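Engineer: Have a look at this one.
Any read-out appearing in this document is the output of simple, stated calculations on the displayed coordinates, not a laboratory observation. Quick caveat: nothing in here was measured; it's all calculated off a predicted structure. Glycine gets a Cβ as well: all are built from the backbone with ideal geometry, and neighbour counts include every protein chain shown.
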Amino acid sequence: KDRKFKDTTYGVMARVGYDINQYIGVEARGSKTNLKSDGSKVEHGGIYVKPMLPVGNAANIYGLVGLAKTKVKSKNGKTPKVNADGLALGIGMEVDLSKDIPRDGRYSRSFDGQGDQEKGLGLFVDYERMLVKKNAPDLDAVSAGVTYDF
């Protein structure tokens, strides 16, 4: 018998990454629900390759392809328990809010992968399927937040 469960939770997500160039980066993420839950506690962490497509000078659309570990602990006994690692996929958008300030007397430089051109704040929003595995429940996350590039 196919039983469907829907559980909405809220939590925090942290990410750290490095853009190798303007088209590809790597990123590590970790998230944990801690605010509200209908019945589950979720812990998730992974390492991702991050292909990016620049949109103008201040934004990019990105994908996430990586390996992640996901744990779901049922608080009410009704939602399925999960303790698995596997493929994780996502898509998102980042917007840079900082100004491109000339450094070391250089102006209008193209991206050099050194992370020293647009130091400052940005915003992101993304969607992630935390576990892509046969017979695994759909574990989806929508994240939004503030970034800082240094």
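Engineer: Measure up LYS50/LYS81; LYS6/LYS73; LYS6/LYS75; LYS6/LYS50; LYS69/LYS119 against 23 Å on the Cα-Cα distance and list the ones that go over.
Structural biologist: LYS50/LYS81; LYS6/LYS50; LYS69/LYS119
Engineer: If you don't mind, another one. Work out, step by step, the length gained on full extension between LYS119 and VAL16: first 0.36 nm times the residue separation, then minus their alpha carbon distance; give nm to one decimal. Spell out each step's value before the answer.
Structural biologist: Details: separation 103, 0.36 × 103 = 37.08 nm, distance 1.47 nm.
Computed gain between LYS119 and VAL16 is 35.6 nm.
Engineer: What net charge do the residues around HIS44 carry, taking every other residue with its C-beta under 10 Å from that of HIS44, with Lys and Arg at +1 and Asp and Glu at -1?
Structural biologist: Net charge in that neighbourhood comes out at +2.
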